[in-house]
Amino acid sequence: MPSKKALVRRPVPRLAEGLVTHIERDRVDVTRAMEQWEAYTGALRAHGWETIEVDPADDCPDSVFVEDTVVMYRNVALIARSGAESRRAETVGVEEAVASLGCSVNWVWEPGTLDGGDVLKVGDTVYVGRGGRTNAAGVQQVRAAFEPLGARVVAVPVAKVLHLKSAVTALPDGTVIGHIPHMDAPSLFARFLPVPEPSGAHVVLLGGDKLLMATSAPKTAELFADLGYEPVLVDIGEFEKLEGCVTCLSVRLRDLYA
């Protein structure tokens, strides 16, 4: 049976100091962010996901974006090494969490850099965004870790947004979705559906036809509903001010060995 576990990490008091790269800085309400995080994790649990809270990292403002710290493929965890040096301490605690779940733990080593938000898995294809936080050596190390397990790793240029998954994610049938103005190479995806809103490009597959999405993409939610999916909407507006989205607030572990 597939596993339904999700690593999460609660916002820290210094959240508002998080990095901003491609948008203008806006005031972050940390109290409101905590409320939104509670609703987000509650939505995961309501749809059958066991949330596992990683130890907090109080000195790391961006640590709530736990997806950036590790990439999972089957039962193998690849601990990331962010291109933003200030974020590298966030992996402490995540290593312990995945090891405690019985994962085989590997690491990205210098000179490689990799953020988990740059990795999109569609079946056995692993797309890796090559951009500001992930370099060519990082892509090479993803290949070394996952291709022996049967993965096909495809590098994708990323220049217009923070991470690959800031631009694209995928529907349950494997169709890649994205907001065209934020994409550098739409032609790399054989099955592609454009969406009308930037945050409409971000979905978490909850199981079945249910898609966890941000409330900031109502037109895209309507599009997906017309296609037979069931959008589950959450307000993550405070995290969007820090270039966050629904994918980066958790690490979904779907293929753990029993």
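Pairs are defined by a Cβ separation below 8 Å, a sequence spacing of at least 6 or placement on different chains, a first member in segment 78-90 that is more than 11 Å from E67 (Cα to Cα), and a second member that is part of a strand (DSSP E or B) and among the charged types (D, E, K, R); the pairs so defined are R88/R81. Is it fair to say E17 is in contact with a helix residue (DSSP H, G or I) (Cβ under 9 Å, 6 or more places away or on another chain) and at pLDDT 95 or above? Answer is no for this residue. If you take the residues in segment 182-217 that are of a type in the set (S, T, Y) and over 15 Å from Y40 (Cα atoms), which one is modelled with the lowest pLDDT? Residue satisfying both the conditions and the ranking: S187.
Name the single residue that is least open to solvent (accessible area, probe 1.4 Å) among those in segment 15-45 being among the polar types (S, T, N, Q) and out of contact with any Ser or Thr (no Cβ under 8 Å at 6 or more places or on another chain).
Per the criteria, the residue is Q36.
Please specify each residue of segment 211-235 satisfying the condition of being under 17 Å from the mean Cα position of the chain (by Cα) and not aliphatic (A, V, I, L, M). D235, the sole residue that qualifies.
Here's the yes/no breakdown for (1) more than 20 Å from T21 (Cα to Cα); (2) touching a Ser or Thr at 6+ places or on another chain (Cβ under 8 Å):
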| position | (1), (2) |
| --- | --- |
| W109 | yes, no |
| V122 | yes, no |
| G132 | no, yes |
| N135 | no, yes |
| V139 | yes, no |
| V142 | yes, no |
| L149 | yes, no |
| K160 | no, no |
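Checked against the criterion of being farther than 18 Å from D68 by Cα, touching a residue at least 40 places away in the same chain (Cβ under 8 Å) and either touching a helix residue (DSSP H, G or I) at 6+ places or on another chain (Cβ under 6 Å) or not polar (S, T, N, Q) (or both), the candidates L171, L114, L162 yield just one match: L171. So, in segment 95-132, of the ones that are charged (D, E, K, R) and open to solvent by 20 Å² or more (accessible area, probe 1.4 Å), which residue ends up nearest to V246 (Cα to Cα)? Looking at the filtered set, the residue picked out is K121.
Considering segment 133-159, and only residues there that are basic (K, R) and surrounded by fewer than 23 Cβ atoms within 10 Å (Cβ to Cβ), the residue that is nearest to E67 (Cα to Cα) turns out to be R143. How many residues, within segment 141-161, are in a helix (DSSP H, G or I) and either over 17 Å from the mean Cα position of the chain (by Cα) or over 15 Å from D115 (Cβ atoms) (or both)? Number satisfying all stated conditions: 8. Each residue in segment 221-254 was checked for being surrounded by 20 or more Cβ atoms within 10 Å (Cβ to Cβ), of a type outside the set (D, E) and touching a His at 6+ places or on another chain (Cβ under 9 Å), and 4 of them qualify. Tallying residues that are assigned to a loop (DSSP other than H, G, I, E, B), open to solvent by 50 Å² or more (accessible area, probe 1.4 Å) and either modelled with pLDDT of 95 or more or of a type in the set (A, V, I, L, M, F, W, C) (or both) within segment 1-14 yields 5.
The values are calculated or read from the model by the stated rules, or taken from the named source; none is laboratory data. All figures in this text were calculated on a predicted structure; none of them were measured in a lab. With ideal geometry, Cβ positions are generated from the backbone for all residues, glycine too; neighbour counts draw on all protein chains shown. Note: accessible area is taken over every heavy atom of the protein model, side chains too, but ligands, DNA and RNA are not part of it. Shrake-Rupley method; radii C 1.70, N 1.55, O 1.52, S 1.80 Å.
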